[in-house]
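Participant: One structure, as structure tokens, below. Some questions next.
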Amino acid sequence: MKKIILTSILASLLVIPILAGAAAPLPTNVTNLPDKSIEAILDTVANWLFTILLTISAIIIVIAGIMFVSSGGDPEKVTGARNLILYAVIGIIVAAMAKGLMAIVKAMVTQ
């Protein structure tokens, strides 16, 4: 019986702030909201992702270059370094194509 009473008291204490918040009036003129459309937000996110991908690709190319120089002529290490460079370049090309495709779709939608 004590557990039921304690649970009821705790549950009612959790509900009180919700009821108090529901009674507060909502502001009528909100002026501090950003004035951005969904298109601008998506464009910003795409630019950030593109920049991050280019940074990661550059880091991978540097690591592959270090692997290539430190391979000592070992054919397996040289092949691994070449593959890393190839994959990084393919990633850059795919990212550039995706950014170009976004620009094409954006131009078609706005016309």
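The values are calculated or read from the model by the stated rules, or taken from the named source; none is laboratory data. Keep in mind it's a predicted model, so treat the numbers as computed, not measured. Note: ideal-geometry Cβ built from the backbone for every residue, glycine included; neighbour counts use all protein chains shown. Just so you know, the surface numbers come from the protein's heavy atoms only, side chains and all, with ligands and any DNA or RNA stripped out. Shrake-Rupley method; radii C 1.70, N 1.55, O 1.52, S 1.80 Å.
Participant: For the stretch 47-79, enumerate the residues that are under 20 Å from Gly100 (Cβ atoms), of a type in the set (A, V, I, L, M) and either in contact (Cβ under 8 Å) with a residue 60 or more places away in the chain or open to solvent by 70 Å² or more (accessible area, probe 1.4 Å) (or both).
Facilitator: Once the filter is applied, which keeps residues that are under 20 Å from Gly100 (Cβ atoms), of a type in the set (A, V, I, L, M) and either in contact (Cβ under 8 Å) with a residue 60 or more places away in the chain or open to solvent by 70 Å² or more (accessible area, probe 1.4 Å) (or both), the stretch 47-79 yields Leu49, Ile52, Ile56.
Participant: Follow-up. Of the conditions (1) modelled with pLDDT under 75; (2) of a type outside the set (A, V, I, L, M, F, W, C); (3) open to solvent by 60 Å² or more (accessible area, probe 1.4 Å), Gly21 satisfies every one except a single condition; which number is it?
Facilitator: Going through (1) modelled with pLDDT under 75; (2) of a type outside the set (A, V, I, L, M, F, W, C); (3) open to solvent by 60 Å² or more (accessible area, probe 1.4 Å) one by one, Gly21 breaks only (3).
Participant: Which one of the conditions (1) farther than 27 Å from Ala103 by Cα; (2) modelled with pLDDT of 70 or more; (3) loosely packed, with under 10 Cβ neighbours inside 10 Å does Ile38 fail to meet, given that it meets all the rest?
Facilitator: Single failed check for Ile38: (1).
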